[in-house]
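Input: a single structure, listed below in structure tokens.
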Amino acid sequence: MASWHDREPEPERSSLVRMYAVTGGRTAPRTGLAMEALVSSATSARLGMTYTREFRAISELCRQVRSVAEISALLAVPLGVARVLVADMEADGLVRIYQPQLEAGLPDRRLLERVLSGLRRL
């Protein structure tokens, strides 16, 4: 029988309690942020250890343009948490956000098709 130190450590699991702590209890972003908004890293450098692991993960993911919904799915965090984190990162100048342009109150069909395509790849 293997002792505790012979076993591989289990990967740390994200919990809702941790997410609540990371967002400071906020459930909505400080600014309006659509789930289909596109996000890209504002820097090519990796974020250092002074940033939370969620910020570092989002920065890495967004080296390719991603929607907020994709970020939520890829990090396995609730959409509201992803929206809060991304908005906070924008306020700190860490990411750029491209909000969808609405025509007559409707989202752009091409944007929705790109988001759908991205979600299917997940």
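The values are calculated or read from the model by the stated rules, or taken from the named source; none is laboratory data. None of the values given here were measured: they were computed from a predicted structure. Glycine gets a Cβ as well: all are built from the backbone with ideal geometry, and neighbour counts include every protein chain shown.
Contact map, segment 94-122: residues that are part of a helix (DSSP H, G or I) paired with residues that are at pLDDT 70 or above and of a type in the set (S, T, N, Q), Cβ distance under 7 Å, separation 6+ or inter-chain. Pairs shown: Val115/Ser67; Gly118/Ser67. For segment 62-80, the count of residues that are free of Cβ contacts under 8 Å to residues at least 24 places away in the same chain and in a helix (DSSP H, G or I) is zero.
Suppose the filter is β-branched (Val, Ile, Thr), touching a Cys at 6+ places or on another chain (Cβ under 7 Å) and modelled with pLDDT of 90 or more; does Val95 pass it? Yes: the conditions hold for Val95.
The residue list Arg56, Arg63 contains one member that is out of contact with any strand residue (DSSP E or B) (no Cβ under 6 Å at 6 or more places or on another chain) and surrounded by fewer than 17 Cβ atoms within 10 Å (Cβ to Cβ), which is Arg56.
With the condition kept exactly as written, say whether any residue in segment 79-92 is surrounded by fewer than 18 Cβ atoms within 10 Å (Cβ to Cβ), out of contact with any strand residue (DSSP E or B) (no Cβ under 8 Å at 6 or more places or on another chain) and at pLDDT 90 or above. Walk me through how you get there before you give the answer.
Keep residues of segment 79-92 that are surrounded by fewer than 18 Cβ atoms within 10 Å (Cβ to Cβ), which gives 79-80, 91-92.
Remaining after also requiring out of contact with any strand residue (DSSP E or B) (no Cβ under 8 Å at 6 or more places or on another chain): 79-80, 91-92.
Now restrict to residues that are at pLDDT 90 or above: 91-92.
For segment 79-92, residues surrounded by fewer than 18 Cβ atoms within 10 Å (Cβ to Cβ), out of contact with any strand residue (DSSP E or B) (no Cβ under 8 Å at 6 or more places or on another chain) and at pLDDT 90 or above: present.
Within the bounds of segment 25-43, is there any residue that is surrounded by fewer than 10 Cβ atoms within 10 Å (Cβ to Cβ) and either at pLDDT below 90 or assigned to a helix (DSSP H, G or I) (or both)? Yes: segment 25-43 contains one or more residues that are surrounded by fewer than 10 Cβ atoms within 10 Å (Cβ to Cβ) and either at pLDDT below 90 or assigned to a helix (DSSP H, G or I) (or both).
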